[in-house]
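Below: one structure, written as structure tokens.
The values are calculated or read from the model by the stated rules, or taken from the named source; none is laboratory data. In this text, all values refer to a predicted model and were calculated from it rather than measured experimentally. Cβ atoms come from the backbone with ideal geometry, glycine included; neighbour counts cover every protein chain shown.
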Amino acid sequence: MKILITGGAGFIGANFVHYWLRKNPQDEIVNLDTLTYAGNLENLKSIENNKKHRFIKGNICDTPFINDLFKKENFNLVVHFAAESHVDRSVLDSSDFVKTNVEGTMNLLDAAKNNGGIRFHHVSTDEVFGALSSEDAAFNEKTPYDPRSPYSASKAASDHLVRAYFHTHKLPITISNCSNNYGPFQFPEKLIPLFVTNLVEGKKIPVYGTGENIRDWIHVDDHNRGVEMIIKNGTIGETYCLGGAAERKNIDITKEILSIMGKGEEEIEYVADRKGHDLRYAIDFSKATAELGWKPQIDFEKGITMTVEWYQDNENWWKKIKSGEYQEYYKKQYNK
């Protein structure tokens, strides 16, 4: 197959590119990313010379560019990761989230529809379902949408568009909604890499409120294995929830990282809580298990230890991000 992967220089997308090339070496990947702050070509450095992978710098919101790309390339499959995804940034300014997550998704759907009805997998988030109390049952595919941040509202809108193209245009789609990812190459504004890198630098780690908010954590490799199984064996038109079976309070994650790194709780700095901070997310992935045989394989305690060690071993990678130097890499490549 020839596969278009959008957002393939970002955290989950880049890990998916590496995963797919390992598991499906016969396929050709066209990797499209606009290289916003969260896109990093150094995530792809080890496959620069792989003839089955080709990177293209471009924006999914650029309609003529997307139309030309689809006409020229004859894709068999689109895997759509590209998104603005940081909740805090969406609180400060929602406009890029609506443009990229809604309008950009629409451009891709139109291009897939207009070029023979290309198989389309859309990667989404559990945040579209809103928030849970500590007693509520976990989110599943039938949970009503109740987004509570501009980020999750924009992702909810994109999910609805994808389903609308299935019902209206018979576009062969699937959707996955997953819980919090962690693993290598995650941009260090997110909780786990931020805390690890701050500790390496001798800085405090900022915990929102009292750290009682609960998230379900899934290793990025488990997530991407689930996406592959949905693409290959999922029912067209269906949604699958992917979770890690690893609900943890933020304060417990914090203490686990401190323990792994041999640090004490005096390194914690409690800061004002995020606006509209949802209490709890959790995923019931029983449909994916029943229909696809998927369930997470990486135990959280093992996964978090591996992840902490990865950031400790790859200071050069994240220090370039924190300094802004990483953006010079693609500026040289593209004279931008």
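Each residue in the stretch 190-199 was checked for being within 23 Å of ILE12 (Cβ to Cβ), modelled with pLDDT of 95 or more and not aromatic (Phe, Trp, Tyr), and 6 of them qualify.
Yes/no per residue for (1) exposed (fewer than 14 other Cβ atoms within 10 Å of the Cβ); (2) modelled with pLDDT of 95 or more:
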{"position": "ASP68", "(1), (2)": "yes, yes"}
{"position": "GLU73", "(1), (2)": "no, yes"}
{"position": "LEU77", "(1), (2)": "no, yes"}
{"position": "HIS80", "(1), (2)": "no, yes"}
{"position": "GLU84", "(1), (2)": "no, no"}
{"position": "LEU92", "(1), (2)": "yes, no"}
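Listed conditions (1) in contact with a Pro (Cβ under 7 Å, 6 or more places away or on another chain); (2) under 18 Å from PHE81 (Cα atoms); (3) touching a residue at least 60 places away in the same chain (Cβ under 8 Å) are all met by ALA156, apart from (3). Each residue in the stretch 136-176 was checked for being basic (Lys, Arg), in contact with a strand residue (DSSP E or B) (Cβ under 8 Å, 6 or more places away or on another chain) and closer than 24 Å to ALA246 by Cβ, and 1 of them qualify. Every condition in (1) among the aliphatic types (A, V, I, L, M); (2) within 14 Å of THR105 (Cα to Cα); (3) surrounded by 20 or more Cβ atoms within 10 Å (Cβ to Cβ) is met by ALA164 except one, and the failing one is (3). Taken over the stretch 118-148, the residue count meeting the criterion of being of a type in the set (Asp, Glu), in contact with a helix residue (DSSP H, G or I) (Cβ under 6 Å, 6 or more places away or on another chain) and either at pLDDT below 95 or buried (at least 20 other Cβ atoms within 10 Å of the Cβ) (or both) is 1. Applying the criterion of at least 2 residues that are in contact with a helix residue (DSSP H, G or I) (Cβ under 7 Å, 6 or more places away or on another chain), within 24 Å of ILE173 (Cβ to Cβ) and in contact (Cβ under 8 Å) with a residue 60 or more places away in the chain to the helices (runs of 4 or more DSSP H) found wholly in the stretch 1-94 leaves 11-23.
Looking across the stretch 111-163, the residues that are in a helix (DSSP H, G or I), within 20 Å of the chain's Cα centre (by Cα) and among the small types (Gly, Ala, Ser) come down to SER152, ALA153, SER154, ALA156, ALA157, SER158.
Under the condition of being assigned to a helix (DSSP H, G or I), under 18 Å from ILE251 (Cβ atoms) and among the hydrophobic types (A, V, I, L, M, F, W, C), the residues counted in the stretch 173-217 number 6.
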